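Right, one structure below, let's go through it.
The values are calculated or read from the model by the stated rules, or taken from the named source; none is laboratory data. If you're wondering where the values come from, they're calculated on a predicted model, not measured in any experiment. Cβ placement follows ideal geometry from the backbone for every residue including glycine, while neighbour counts extend to all protein chains displayed. What goes into the accessible areas is simple: the full protein's heavy atoms, side chains included, and nothing from ligands, DNA or RNA. Shrake-Rupley method; radii C 1.70, N 1.55, O 1.52, S 1.80 Å.
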Amino acid sequence: QVQLVESGGGLVQAGDSLRLSCAASGRTVSSYYMGWFRQAPGKEREFEFVAGITWRGEDRLYADAVKGRFTISSAAAKNTVYLQINSLKPEDTAVYYCAAGSLFARAPTDFGYWGPGTQVTVSS
């Protein structure tokens, strides 16, 4: 079993930056590939892939929509994955979820463990 808890969300203004954290626990957590997804308002059935990383950080994957503004990183010794978001835009408003999966992939269905999410709201 893997447990994930996100933190770092909040209400910010356009142009601000945020760093989201995902604390992972579980005996086998280091064997999983970690990803960040988001769910925008009014799209409750859609989990948009944002970024993914392996625990040692040698492989990273980004959605085209966030390249250049989002940076994913991992601190394996702390079992924590981060998502740095710069130059926030109102369209970044969403619930951001951390997920663990067994494949280096983008599809939500490839991730078996999810955190409860953290809300990010960007005002214009």
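A few notes on this one:
- Karplus (6.51, -1.76, 1.60) ³J(HN,Hα), θ = phi - 60°, over the stretch 20-33, in Hz, Gly and Pro reported as x: 8, 10, 10, 8, 10, 9, x, 4, 10, 4, 5, 8, 9, 8
- Accessible surface of the stretch 13-116, 1.4 Å probe, proportion on carbon and sulfur as whole %: 47
- Most to least packed among 112-120, 94-102, 34-42, 9-17 [average Cβ atoms within 10 Å]: 94-102, 34-42, 112-120, 9-17
- Relative contact order for the chain: 36 percent, from Cα pairs under 8 Å spaced at least 6 residues apart, divided by residue count.
- Equivalent ellipsoid semi-axes - Cα gyration tensor, the stretch 60-124, angstrom: 21, 14, 13
- Probing with 1.4 Å while keeping every protein chain in the model, the per residue accessible area of the stretch 46-124 equals 49 Å².
- Rounded if a/c under 1.5, otherwise prolate or oblate - the stretch 11-53, Cα gyration tensor axes: oblate
- Of the peptides 44-55, 62-73, the ranking by mean beta-carbon count within 10 Å, highest at the top, reads 44-55, 62-73.
- DSSP-defined beta bridges in the chain - what % are antiparallel, rounded to 5: 90
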